[in-house]
Amino acid sequence: MKVGTDAVLLGAWCPLGNFPNTILEVGSGTGVVALMLAQRSEAMTIDAVEIDKNAYEQSVGNFELSDWSDRLYCYHAPFDDFVTEMFEEEEKYDLVVSNPPFYVDGYETENDARNKARFTSSLSFENLIIGASKLLSDSGEFSVIIPFKEEQNFNKIANQNNLFLNKVCRVKGTESSEIKRSLMSFSFQKKELKEEELVIEISRHQYTEKYIDLTKDFYLKM
């Protein structure tokens, strides 16, 4: 698994104003988002759940090698099964975060691991939102990064599950390019929506001050 810009954006941007004590990452991949949240927060429990065996093993390895290994744990399971088990045990999280698969078109590859990471057939937006709503504490927050074109539909499904958009950051590659991604944070409380925009680059590999300020704590060279 590669560390992508989407994961770095989510790990750096995800709001932590409610000072979460328990965090869940859905679909850990390399585990980078959980690791970034461990670096940014004092949360005592940071769980991750990953369906792909190789990605799960990579997350576990990265967690064990980190400075926060005592706070990080990864489960190898489909998210629906994980939700059922945790819901029955009445486990709740103050923050649920996910960089979910988002390709919905019918061109899946023969690579099962790549399909699970990229295509909504492995975890639909609806199942993600329903599961998050079941595991989120009353004052908890649910944060994701998705394609901008899916923002309205995702928000609609969230509203149907009593989750309301509190903060959104729309991301562009350059000032002149189209909006590519939406970083979104939800809770069970209706609040005044905070909207912002982030441009990543001025030109190729020349990053904007706003992007540098957001991510500099996580790159060796920035």
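How many of the residues making up segment 37-85 are within 20 Å of residue 21 (Cα to Cα) and of a type in the set (Val, Ile, Thr)?
Residues meeting the conditions: 4.
Only one of (1) touching a strand residue (DSSP E or B) at 6+ places or on another chain (Cβ under 8 Å); (2) within 15 Å of residue 27 (Cβ to Cβ) is not met by residue 71, so which one is it?
The one condition residue 71 does not meet is (2).
Which of the residues belonging to segment 47-63 are among the hydrophobic types (A, V, I, L, M, F, W, C) and touching a Gly at 6+ places or on another chain (Cβ under 7 Å)?
Within segment 47-63, the first condition is being among the hydrophobic types (A, V, I, L, M, F, W, C), and the residues that meet it are 48-49, 51, 55, 60, 63.
Scanning segment 47-63 gives 48, 55, 63.
Which of the strands (runs of 3 or more DSSP E) contained wholly in segment 1-86 include at least 1 residues that are modelled with pLDDT under 95 and of a type in the set (D, E, K, R)? Write out each step before concluding.
Numbers: elements: 22-26, 45-50, 72-76.
The strands (runs of 3 or more DSSP E) meeting that bar number zero.
Quick one: is residue 27 under 20 Å from residue 100 (Cβ atoms) and either more than 11 Å from the chain's Cα centre (by Cα) or among the small types (Gly, Ala, Ser) (or both)? Spell out the reasoning first.
Values: under 20 Å from residue 100 (Cβ atoms): yes; either more than 11 Å from the chain's Cα centre (by Cα) or among the small types (Gly, Ala, Ser) (or both): yes.
Taking the combined requirement at face value, the residue satisfies it.
Given 194, 210, which one is loosely packed, with under 15 Cβ neighbours inside 10 Å and free of Cβ contacts under 8 Å to residues at least 24 places away in the same chain?
Details: 194 fails: free of Cβ contacts under 8 Å to residues at least 24 places away in the same chain.
Just one listed residue meets the conditions, 210.
The values are calculated or read from the model by the stated rules, or taken from the named source; none is laboratory data. This is a predicted model, so every value here is computed, not measured. Please note: Cβ atoms are built from the backbone with ideal geometry, for glycine as well, and neighbour counts cover all protein chains shown.
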